[in-house]
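Worksheet for the structure shown next.
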Amino acid sequence: MSNNDKQPHYLNLFRFHFPVTAVLSIGHRITGAVLALLIPVLVYLLALSLQGNKGFAAVTALFDATWVRVISVFLIWALVHHGLAGVRFLLLDLELGIARPTAKMTAWAVNIGGIVIFLLSAVILI
Amino acid sequence: MNHAIYGLRSWLLQRLTAVYLFIYILYFLSNLLFDPWSDYQQWRGWLAHPAVNIATLLFFAALLLHAWVGLRDIVIDYIQPLAVRFVALVLIGTALLAMGGWAFLTLMAVLA
């Protein structure tokens, strides 16, 4: 593009005002990537748990450790956030909740729902 | 298939797999919360039911397809140089296929 030298570039992300819907959207992407990285762990735990009594015991013992529970709380949060934001996107695909005020409300609902689940699972697990 | 329609196929696949994953996770969680498996025999027995076994196989198939569409979107958005993009997609695709094979063998072994 010929105008590139003259156009101002402003990419300081820390000084942007991001609407809540934008935060939700990038949260959906980030949680998705994090969860995808966990797929090997998931399959490994499945395989381990099916390796006889010892394997099963090893997996249950793993979840007795506090650090595992703390990480699990964050992962549950990631899963719930990703899932709820996903449902919101599905509804948007069906053209439900597109009006801007509604979209903002549902975005906040997802964020708050995620935090509620985070706190609940923290209480239950830790 | 008409080239232009590939986007639609991925879009649809991502939504359909999402719905299945959601339902399976709720089913799994309800088992975990209301009727947890207390030992290896119970756990293995649950997965040995053909219906549960196949549903779980489908879960992993759906998970890998869903992850593929999502991760490919991320690569396409943030990696422009074609060579790097190609390598990234090949690595991710291979890793996901390997996970699928591993999950498949694990679940098949339960039925044996």
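Does B:Ser38 fit the bill of being more than 9 Å from every other protein chain (Cβ to nearest Cβ) and open to solvent by less than 60 Å² (accessible area, probe 1.4 Å)?
Values: more than 9 Å from every other protein chain (Cβ to nearest Cβ): yes; open to solvent by less than 60 Å² (accessible area, probe 1.4 Å): no.
Against the criterion (more than 9 Å from every other protein chain (Cβ to nearest Cβ) and open to solvent by less than 60 Å² (accessible area, probe 1.4 Å)), B:Ser38 does not qualify.
Just need a number here: residues in the range A:99-126 that are β-branched (Val, Ile, Thr) and under 20 Å from A:Arg29 (Cβ atoms).
Of all residues in the range A:99-126, those β-branched (Val, Ile, Thr) come to A:102, A:106, A:110, A:112, A:115-117, A:123-124, A:126.
Next cut, under 20 Å from A:Arg29 (Cβ atoms) only: A:106, A:110, A:112, A:115, A:117.
Residues that pass the stated criteria total 5.
Regarding the range B:73-91, can at least one residue be identified that is under 22 Å from B:Trp46 (Cβ atoms) and either modelled with pLDDT under 95 or not basic (Lys, Arg) (or both)?
No.
Of the residues A:Leu35, A:Leu48, only one is within 14 Å of chain B (Cβ to nearest Cβ), at pLDDT 90 or above, under 29 Å from B:Gln42 (Cα atoms) and touching a Gly at 6+ places or on another chain (Cβ under 7 Å); which?
Numbers: A:Leu35 fails: touching a Gly at 6+ places or on another chain (Cβ under 7 Å).
Result: A:Leu48 is the single residue among A:Leu35, A:Leu48 that is within 14 Å of chain B (Cβ to nearest Cβ), at pLDDT 90 or above, under 29 Å from B:Gln42 (Cα atoms) and touching a Gly at 6+ places or on another chain (Cβ under 7 Å).
Name the single residue that is nearest to A:Val73 (Cα to Cα) among those in the range A:90-111 being open to solvent by 100 Å² or more (accessible area, probe 1.4 Å) and part of a helix (DSSP H, G or I).
Per the criteria, the residue is A:Trp108.
Scan the range B:41-58 residue by residue and report those that are touching a residue at least 40 places away in the same chain (Cβ under 8 Å) and surrounded by 10 or more Cβ atoms within 10 Å (Cβ to Cβ).
Answer for the range B:41-58, where residues must be touching a residue at least 40 places away in the same chain (Cβ under 8 Å) and surrounded by 10 or more Cβ atoms within 10 Å (Cβ to Cβ): B:Arg44, B:Leu47, B:Ala48, B:Asn53, B:Thr56, B:Leu57.
Could you check how many residues of the range A:14-32 are open to solvent by 40 Å² or more (accessible area, probe 1.4 Å) and more than 14 Å from every other protein chain (Cβ to nearest Cβ)?
Qualifying residue count, the range A:14-32: 8.
Among the candidates B:Leu26, B:Leu21, B:Leu13, which residue alone is open to solvent by 70 Å² or more (accessible area, probe 1.4 Å) and either assigned to a helix (DSSP H, G or I) or on the phi > 0 side of the Ramachandran plot (or both)?
Sole residue among the options that is open to solvent by 70 Å² or more (accessible area, probe 1.4 Å) and either assigned to a helix (DSSP H, G or I) or on the phi > 0 side of the Ramachandran plot (or both): B:Leu26.
The values are calculated or read from the model by the stated rules, or taken from the named source; none is laboratory data. Since the structure is predicted, the reported quantities are computational estimates derived from the model, not experimental observations. Quick reminder, even Gly has a Cβ in these numbers, built from the backbone with ideal geometry, and neighbours come from all protein chains shown. Just the protein is used for accessible areas: all its heavy atoms, side chains included, with ligands, DNA and RNA removed. Shrake-Rupley method; radii C 1.70, N 1.55, O 1.52, S 1.80 Å.
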